[in-house]
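Derivation of every value follows stated rules applied to the coordinates shown; laboratory data play no part. Bear in mind the structure is a predicted one, so any value in this text is a computation, not a measurement. Note that each Cβ is placed from the backbone with ideal geometry, even for glycine, and that neighbours are counted across all protein chains shown.
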Amino acid sequence: MKSSLINKEILPFILAFSLLIVTTIIIDVLLHLFNLVWIGRWLGILGTILIILSFLYSLKKRKLIAFSKPKVLLKLHEILSMVGALFILVHAGVHLYALLPWLALIAMLISVISGLTGSLLLKRSRKFISNKKAFYLKEGFSKEEVEKKLFSDATSFDLMKKWRIIHFPITLIFAILSIVHIITVLIFW
């Protein structure tokens, strides 16, 4: 078992985030190419609505709503927040002239990265380490040898587990900056 946690889990995570950015660029280029830049303004509104809907999972987790199952709402949260982020990134690519939208965009990107960490990396990494440990034990390695072999993977995993420390406050900052951005747009529209 020669693959490491970095190759098997972290690189796909980086590729998933890169795909979000590349998709944003492609959509933005197409909007400019076909003289449809005005659509980008409206994608910001649609993206915001999708992200707001994604918070149904948080409401369920905190027992503020009773309908649906947490697993279903978690999947919905992941999908809606990624599509919403894509739409907001396209919106930002169309016009971003002031500091406030930049700050909101940066907070959103950090929130997306921390959300991807929880969604993609932790679930798959826990399974990866468990499988690797079982493989080494099956091969006859002692528990101490297995611990040594898994040290760098376990250290990477422990660092990734701290994602919630960043995800909640950054999401809150993103929400506040977005609300202020929306209010200023409505005032000056």
List the aspartates and glutamates whose Cα lies under 19 Å from the Cα of Lys61, skipping any in the same chain that are fewer than 8 positions away. Glu78
With +1 at each Lys and Arg Cβ and -1 at each Asp and Glu Cβ, the charge dipole magnitude of the chain around its Cα centre, to the nearest 20 debye, comes out at 920
In nanometres, the difference between 0.36 nm per residue of separation and the alpha-carbon distance of Lys8 and Ala98 is 28.5 nm
I want the local charge near Ser119. Using Cβ-Cβ distances under 11 Å, sum +1 for each Lys or Arg and -1 for each Asp or Glu among the other residues. +2
For the stretch 56-189 the translational diffusion coefficient, Stokes-Einstein from a Kirkwood Rh over Cα pairs at 10 °C and viscosity 1.306 mPa s, in µm²/s, is roughly 90
What value in Å³ per residue do you get for the convex hull of the alpha-carbon atoms in the stretch 111-181? 63
Rounded to the nearest 0.05, what FRET efficiency do Leu46 and Arg126 have when you use their Cβ-Cβ distance and R0 = 35 Å? 0.55
With each label point set 7 Å from Cα along the Cα-Cβ vector, what nm distance links Phe151 and Phe67? 5.3
Straight-line reach from Lys162: which lysines have a Cα under 18 Å away, not including same-chain ones fewer than 8 places off? Lys123, Lys127
What ranking do Asp158, Asp153 get, fewest neighbouring Cβ atoms within 10 angstrom at the top? Asp158, Asp153
Shape of the stretch 1-122, Cα gyration tensor, a/c cut at 1.5: oblate
Got a sec? How would Met82, Met108 order by Cβ neighbour count within 10 Å, fewest to most? Met82, Met108
According to a simple spin-label model (label point 7 Å from Cα along Cα-to-Cβ), what is the distance in nm between Leu33 and Thr184? 3.3
For a test of the definition: using alpha carbon positions, the gyration tensor, and the 1.5 limit on a/c, classify the stretch 2-66 as rounded, prolate or oblate. oblate
Taking 0.36 nm per residue of separation and subtracting the Cα-Cα distance, what length does fully extending Val83 through Leu59 add? 6.7 nm
Ordered by number, the chymotrypsin sites (Phe, Trp or Tyr not before Pro) in the stretch 50-125 that occupy a DSSP loop and have at most 13 other Cβ atoms within 10 Å are Phe67, Tyr97
Give me Lys8, Lys63 sorted ascending by neighbouring Cβ count inside 10 Å, so fewest comes first. Lys63, Lys8
Please identify every one of the GluC sites (Glu not before Pro) in the stretch 109-189 that sits in a loop by DSSP and has no more than 15 other beta carbons within 10 Å of its own beta carbon. Glu139
